[in-house]
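Below: the structure, in structure tokens.
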Amino acid sequence: MFGIDNKPKICVFNLPIEWLHPHPHNPRKDLGDLSELVESIKAVGIKQNLTVVPDRNENGDLIDDSYTVIIGHRRMAAAKAAGFKELPCAIDMEITPAEQIALMLHENMQRRQLTPLEEGLGFQQLQLEFGWPVGKISDYSGFSETTVRDRLRLTQFDKTKVKKAYEERQPKLVEFEALSKVKDEEKRNELLEKIGTFGFMPAVKSVLAEEAEKTFMEDIKNIPQLNNATVLSRTDVWNASKYKLLASVKVPEGDKVDENFIAALPTIPEGQRHHYIYYDRCEKNLEF
């Protein structure tokens, strides 16, 4: 878990609410419905102090009467709505910027208030801004390294589409793992519209097969004895009066062009003017 709680704290002070500011990197972007919390605060007040850090200028000097909230964003917003003028705050003088983000992530994850995308964006910030490796994020978050990588994977997709997917459906992380294998960005964005539905995985499988076929055929055309061949469609192949089947070669598992496969390719007869290659994806054959 995020091991920040043993940091030295100054005793709790009641601070004017106008001195308090939300953290700009709070991983929870949507504070949700505050109406019940507002009514609760009106009835019983604030029973748990906020955690804040004093603000500093570019030179590192303390700014008078200015604090950034680390823990308690919802309580602060609800207290403002309830008309409170002061809030109890524990001031942490030593917490680093990286630890601030780590602590906010931990607090929100403990309460299950973050979506996987928000967790991923927080992890990404720890990586990019503070150089935290996956192992350190795993140690502090209590998540396995695999889970951390799963969350980070979400940040490579269109964030608006991912957010919409979580709002409208409940996509699984294994679906995002499959989507990450799609190379074409336009195709990925199209598939994001289907993620979380029954048709998503078959659609991904189809796109991956198309991409594998395209890569395979590009590799095939670089083989010296085939680099002048014409790639035909299934419809063209059926035109038997123009093309004659010379040979059919089984495609290796994973559509890989290796030395054994090249050795198995037929030799184009000398003087033959027309030859072709056609990839039968269903049968996994390359026809000549």
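Brief remarks on what is shown
- Under a model in which nothing but the beta-carbon of Lys, Arg (+1) and Asp, Glu (-1) is charged, the range 162-231 shows a dipole of about 160 debye around its Cα centre.
- Heavy-atom accessible area with a 1.4 Å probe sorts Val257, Val207, largest first, into Val257, Val207.
- For Rg and Dmax of the Cα atoms in Å, calculated from these coordinates, the label among (i) 29.3, 94; (ii) 22.8, 74; (iii) 19.3, 57: (i)
- The mean accessible area for residues of the chain, using a 1.4 Å probe and ignoring ligands and nucleic acids, is 58 Å² per residue.
- Sequence ranges 42-48, 121-127, ranked by mean other-Cβ count within 10 angstrom, highest first: 121-127, 42-48
- Positive-end residue of Pro202, Gln127, Gln170, charge dipole of the range 126-220 with Cβ unit charges: Gln170
- Positive minus negative residues near Ile63 (Lys, Arg vs Asp, Glu; Cβ under 11 Å): -4
- In loop segments of the range 154-260 as defined by DSSP, the chymotrypsin sites (Phe, Trp or Tyr not before Pro) with at most 13 further C-beta atoms inside 10 Å of their C-beta are Phe198, Trp238.
- Beta bridges per DSSP with both ends in the chain, % antiparallel, nearest 5: 65
- Within the straight-line cut-off of under 22 Å between alpha carbons, the lysines reachable from Lys47 are Lys7, Lys9, Lys80, Lys85, sequence neighbours fewer than 8 places apart in one chain being disregarded.
- About the Cα centre, charge dipole magnitude for the range 85-240 (Lys/Arg +1, Asp/Glu -1 at Cβ), debye: 440
The values are calculated or read from the model by the stated rules, or taken from the named source; none is laboratory data. On a predicted model such as this, the values are computed, not experimentally measured, just so you know. Neighbour counts are summed over all protein chains in view; Cβ atoms, including those assigned to glycine, are modelled from backbone coordinates with ideal geometry. For accessibility, only protein heavy atoms count, side chains too; no ligands or nucleic acids. Shrake-Rupley method; radii C 1.70, N 1.55, O 1.52, S 1.80 Å.
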